[in-house]
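This report refers to the structure that appears directly beneath it.
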Amino acid sequence: GFAPYGIAINDDGHVFVADAQANQVLRLDTAGKVQQRWGQKGAAPGEFDTPHMLAFDKAGNLFVAEVGNMRFQKLTKK
């Protein structure tokens with residue numbers, strides 16, 4: 001179980017979910033199973049406090065809006 005708040009789909013069709021309960025960003029497969037996780041609770045880069053909204057820019061970078069830390073984080077596409 002997780003608490004999905006924000007959802008975004010990148011140009012490759014991958015679904016990303018902001019999990020506010022686990023303070024993580026998840027990448028799901030087409031069946032809805034978690035393929036990859038990022039983050040944990042905290043305020044350091046790559047850590048989250050209640051991530052809520054997700055958005056991609058044209059370059060494929062993912063932006064995460066956090067309620068608890070009152071900030072945006074940019075996860076760069078590799």
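The values are calculated or read from the model by the stated rules, or taken from the named source; none is laboratory data. Every value quoted in this text rests on a predicted model; they were computed, and no experiment measured them. Glycine gets a Cβ as well: all are built from the backbone with ideal geometry, and neighbour counts include every protein chain shown. Just the protein is used for accessible areas: all its heavy atoms, side chains included, with ligands, DNA and RNA removed. Shrake-Rupley method; radii C 1.70, N 1.55, O 1.52, S 1.80 Å.
Charged side chains reduced to their Cβ positions (Lys and Arg at +1, Asp and Glu at -1) give segment 1-44 a dipole of some 200 debye around its Cα centre. The residues packed around residue 22, meaning those with a beta-carbon under 9 Å from its beta-carbon, carry a net charge of +1 if Lys and Arg are +1 and Asp and Glu are -1.
Across the chain, the relative contact order, built from alpha-carbon pairs under 8 Å that are at least six residues apart, equals 22 percent. When log10 I(q)/I(0) by the Debye sum over Cα atoms at q = 0.18, 0.19, 0.23, 0.24 Å⁻¹ is computed from the coordinates, the matching label among [x] -0.73, -0.82, -1.21, -1.31; [y] -0.73, -0.77, -0.95, -1.00; [z] -0.63, -0.71, -1.04, -1.13 is [z]. Specify whether the C-alpha gyration tensor of segment 33-78 places it in the rounded, prolate or oblate class, a ≥ b ≥ c being the square roots of the eigenvalues: rounded for a/c under 1.5, otherwise prolate if a/b is larger than b/c and oblate if not. Since a/c reaches 1.5 but b/c is at least a/b, the shape of segment 33-78 is classed as oblate.
Under a model in which nothing but the beta-carbon of Lys, Arg (+1) and Asp, Glu (-1) is charged, the chain shows a dipole of about 140 debye around its Cα centre. Surface composition of the chain: carbon and sulfur make up 54 percent of the accessible area, probe 1.4 Å.
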